[in-house]
Amino acid sequence: MNTQNFSSLNLTDAMLKNLEKIGYKHMTPIQAKALPFILKKNDLIAKAKTGSGKTAAFGIGLLSNLDIKKFRVQSLVLCPTRELADQVANELRQIAKFAHNIKILTLCGGVAFGPQLGSLRHQAHIIVGTPGRVLKHLNKNSLSLQDLNMLVLDEADRMLDMGFIEEIQNVIDFAPKKRQTLLFSATYPDEIKDLCKSILDNPIEVEAHLQE
Ligand code: ADP
Ligand code: MG
């Protein structure tokens, strides 16, 4: 059993205090393996099963690298479904409680487009969304990724299974080349390997099992 403490990482006191408050005492194995590299701004491929704590692995990294004073979209998390995007956004909001003013917005298909336009006009630090709807906002210029420095593909294998590859590529075409990219997946089929080659820069690969 891996029982590494979050305090072994280079996190702010406010972040550590809040993690304790929300009941995160020890890192899960995937968090212990991935976070040091994410905090060092490496590109990363992380493979671990459902329930292993992947959201906090990228979430703690993403929120630590955020410039809160700069009210622009700095991070984008792509998820396969609205339900998963909502789950990720909710967990990020828990972890983000170390500060008062971090704005996290979800942009998913299956909900009205108009209200999303209104929310985007008020800006956000972090967008969590599904590829199709995020792309629609990019094409309509209602979303800019000009200040993006972190892109996360969550459940990448499921996104490919659902046929999102083209949308994902198109979204990435709107993102700056100089950025950190993280890819999380439960499995690692050939299609994922191809996608990794084209969108990640010298990625570190980590893998963890629940029983570690
Ligand atoms: P995955 O994305 O790998 O399927 P999640 O990120 O959804 O897993 O995490 C599964 C559950 O574990 C969530 O309820 C989350 O709040 C909890 N969790 C994550 N990291 C920790 C931790 N370090 N300590 C305690 N609980 C955690
Ligand atoms: Mg997950």
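The values are calculated or read from the model by the stated rules, or taken from the named source; none is laboratory data. Since the model is a prediction, treat every value here as computed from it, not as a measurement. Virtual Cβ from ideal backbone geometry, glycine too; neighbours counted across all protein chains shown.
Residues are listed down the side, and each one gets a yes or a no for (1) more than 14 Å from ligand 1 (Cβ to nearest atom); (2) β-branched (Val, Ile, Thr); (3) at pLDDT 95 or above; (4) out of contact with any Phe, Trp or Tyr (no Cβ under 8 Å at 6 or more places or on another chain):
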position: 32; (1), (2), (3), (4): no, no, yes, yes
position: 37; (1), (2), (3), (4): yes, no, yes, yes
position: 42; (1), (2), (3), (4): yes, no, yes, yes
position: 53; (1), (2), (3), (4): no, no, yes, yes
position: 57; (1), (2), (3), (4): no, no, yes, no
position: 63; (1), (2), (3), (4): no, no, yes, no
position: 75; (1), (2), (3), (4): yes, no, yes, yes
position: 87; (1), (2), (3), (4): no, no, yes, yes
position: 90; (1), (2), (3), (4): no, no, yes, yes
Some residue of segment 33-46 being more than 16 Å from the chain's Cα centre (by Cα) and assigned to a loop (DSSP other than H, G, I, E, B): no
Pick from segment 117-131, criterion of a type outside the set (A, V, I, L, M) and surrounded by fewer than 21 Cβ atoms within 10 Å (Cβ to Cβ), ranking: farthest from residue 164 (Cα to Cα): 122
Every pair of residues 6+ apart whose Cβ atoms lie under 6 Å, when the first sits in segment 48-61 and is in a helix (DSSP H, G or I) while the second is aromatic (Phe, Trp, Tyr) and within 9 Å of ligand 2 (Cβ to nearest atom): 54/184
Cβ-Cβ under 9 Å pairs, at least 6 apart or on other chains, segment 22-33 side over 23 Å from residue 44 (Cα atoms), far side within 16 Å of ligand 2 (Cβ to nearest atom) and assigned to a helix (DSSP H, G or I): 22/94; 22/95
Residues within segment 140-183 that are under 25 Å from residue 67 (Cα atoms), within 16 Å of ligand 1 (Cβ to nearest atom) and hydrophobic (A, V, I, L, M, F, W, C), tallied: 4
Unique residue being touching a strand residue (DSSP E or B) at 6+ places or on another chain (Cβ under 7 Å), crowded, with 18+ Cβ neighbours inside 10 Å and part of a loop (DSSP other than H, G, I, E, B) when the list is 88, 77, 73, 134: 73
Qualifying residue in segment 48-55 (condition: closer than 21 Å to residue 171 by Cβ and within 16 Å of ligand 2 (Cβ to nearest atom)): yes
Top-ranked residue of segment 9-31 - restricted to ones that are closer than 24 Å to residue 209 by Cα and of a type in the set (A, V, I, L, M), ranked as surrounded by the fewest Cβ atoms within 10 Å (Cβ to Cβ): 22
All positions within segment 56-71 that are within 10 Å of ligand 2 (Cβ to nearest atom) and farther than 18 Å from residue 24 by Cβ: none
Residue 105 vs. criteria away from ligand 2 (no atom under 15 Å from the Cβ), outside any helix (DSSP H, G or I), under 18 Å from the mean Cα position of the chain (by Cα) and farther than 22 Å from residue 199 by Cα: yes
